[in-house]
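> Sharing a structure with you now.
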């Protein structure tokens, strides 16, 4: 008789315990014929210990277990997960079925899903029973996969709820028991620790709105129609807020209403804007009515005003949408920066330890390249979110485009002709030359993809004047860099979504969907705009409107000398992310410094107050309880001359964070860390709090006489 070993996890097998005669070998042979591998247990203990989710069916001889202790088997059967009902085949002697055999009937109670087969049996009958049992088991495995998919879907749903600031709630209709998420409590003005009941929430609804809410609830329960309503809510502090609520009705298997599951959001800001807009509409409509008796020319003037208002409304809606997407994208990119900080730091140190191992070095280098590509992706996300760090100076755009001629032609290929219309004597524009070159290259590649059979690419430059507020642009002079193709073009719906991050009309694997969104973010961050026009079958034109300037470049920026390596220092490293802190400490120690780790601002202050000496403090900015800026101020009050470096993934710190500290941009490598330490130890300590958009920026000198700071956009300045 062949006895199989215990199978590898995840590979379904049959489990057999038929010790008498040839039953085991026959069963193994027939089960093999049915297409299933098997395990033949030598005793009942091995049978019970081999039971698992990967067992597809069990085969037992009734007389072998008739008087045995089946407690272990019964316990496993009763503990099966909800998706599992393991099928058993019990071999009995002739006339020994459950109808006439109490022992067989006992096995039915213990095993549950049992098929009895009397000996002697035909091989075809046994194989048929095995295949039927196996088919049922496969359906159970499919149910398991669906349950796991549902669990994963639930996790993703929770992530989406948090990102979208949506509160989740669930109401049991029979008991009126209400469960709500912390965000839901916040939307109704409660703290996370407050107890919230169904009756309490109904009482908080504005009295005039309460009848409608209750009527909609009854309608949903009676008809099963989705619940959707927007109403006013009075918070415990007496303030009035708007709440939008959506829910679905869940029923039991008999169709009776069982519970409501839904989400809610705070729409106070939107409703306030709508009310203001409504009042503006009413004012304009009143003016229209008053003017009906005036001359036609005045009436026509008023109707332009209406058209402008409609354009302004559309621009407002689009601006709000893009701002919301930008905030979410920037937050995700900041979190990725932290993750990449850990990966890059550890890989860099690991590379030093495996320097003599060619294969390990190759693997580490590959991982570093992948992590750096991830860092480049976060920079694109930060560009869309207007949180990237820009180095802005006056740039001759005609000279910049001319210098890219060869690169652009190689990028689009020989089947596309590039025509450049670049007037001379145009003023310079205030831009980041490197980022603008990347944006222009992106536009050229997009145009190439829209002209698979070849075509014409026109790059032109002109100066425009904006009077008043036009499309969100400030009044003044602009350089317009236009890229026009003769490609397939876009329909209005595609054009409307073209700058949304991750939206792409290219096939999977041919693009990230971040090119235009990055260019849009760059233009807005420079106080400019990206304007797209397109028509199917005609082509697409992308215009970058960039602010012109009177600044003139006097001479190239002086390269700062590379600071000498700092001596051995005792450094206090503060970061609430333990993985980042661990990686940074390892890098500092590898540089020869002594590093002390603290995971919060309060912990860092306690170390300093204890009298322990430190030569330098490196602190993360975004930490719960106490930010890096607040920690720096407290440290400066105690030790005014102690150098402090602020590590952050933000190019522009949140509003109210008036901080002027040396900045270490995340994710950073060991060389950048060493450079910032050396710079911090070589610069005399200065006050850290003042009004500033960006600190520690490298900026060129310009010929304009005024020695002043000209802020040109979020996260950008020139001096």
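> Do the conditions hold for residue 191, that is, is it assigned by TED's automatic domain parsing to the domain that holds residue 175, without any contact (Cβ under 8 Å) to a residue 40 or more places away in the chain and surrounded by 17 or more Cβ atoms within 10 Å (Cβ to Cβ)?
no
Yes/no per residue for (1) assigned by TED's automatic domain parsing to the domain that holds residue 534; (2) over 22 Å from residue 487 (Cα atoms); (3) buried (at least 20 other Cβ atoms within 10 Å of the Cβ):
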position: 398; (1), (2), (3): yes, yes, no
position: 403; (1), (2), (3): yes, yes, no
position: 415; (1), (2), (3): yes, no, no
position: 418; (1), (2), (3): yes, no, no
position: 423; (1), (2), (3): yes, yes, no
position: 429; (1), (2), (3): yes, yes, yes
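Here is a yes/no grid of residues against (1) at pLDDT 90 or above; (2) surrounded by 15 or more Cβ atoms within 10 Å (Cβ to Cβ):
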position: 233; (1), (2): yes, yes
position: 236; (1), (2): yes, no
position: 241; (1), (2): yes, yes
position: 245; (1), (2): yes, yes
position: 268; (1), (2): yes, yes
position: 272; (1), (2): no, no
position: 284; (1), (2): no, no
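> Do you know which residues across segment 214-238 are in contact with a strand residue (DSSP E or B) (Cβ under 9 Å, 6 or more places away or on another chain), at negative phi and either outside the structural domain of residue 191 (by TED's automatic domain parsing) or part of a loop (DSSP other than H, G, I, E, B) (or both)?
Passing the criteria: 225, 226, 235.
Every residue, every condition in (1) at pLDDT below 85; (2) within 30 Å of residue 168 (Cα to Cα); (3) out of contact with any strand residue (DSSP E or B) (no Cβ under 9 Å at 6 or more places or on another chain), yes or no:
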{"site": "93", "(1), (2), (3)": "yes, no, no"}
{"site": "99", "(1), (2), (3)": "yes, no, yes"}
{"site": "121", "(1), (2), (3)": "yes, no, no"}
{"site": "127", "(1), (2), (3)": "no, no, yes"}
{"site": "140", "(1), (2), (3)": "no, no, yes"}
{"site": "147", "(1), (2), (3)": "yes, yes, yes"}
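> Can you find even one residue in segment 178-196 that is over 32 Å from the mean Cα position of the chain (by Cα) and part of a loop (DSSP other than H, G, I, E, B)?
The answer is no, given that none of the residues of segment 178-196 is over 32 Å from the mean Cα position of the chain (by Cα) and part of a loop (DSSP other than H, G, I, E, B).
> What are the pairs, 6+ residues apart or on separate chains, where a residue within segment 97-125 that is within 17 Å of residue 70 (Cα to Cα) has its Cβ under 7 Å from a residue that is modelled with pLDDT under 80 and in a loop (DSSP other than H, G, I, E, B)?
Pairs that qualify, where the first residue is within 17 Å of residue 70 (Cα to Cα) and the partner is modelled with pLDDT under 80 and in a loop (DSSP other than H, G, I, E, B), are 104/96; 104/97; 104/98; 105/98; 108/98.
The values are calculated or read from the model by the stated rules, or taken from the named source; none is laboratory data. Nothing here was measured: the structure is a model prediction, and the numbers come from that model. Backbone-built Cβ (ideal geometry, glycine too); neighbour counts: all protein chains shown.
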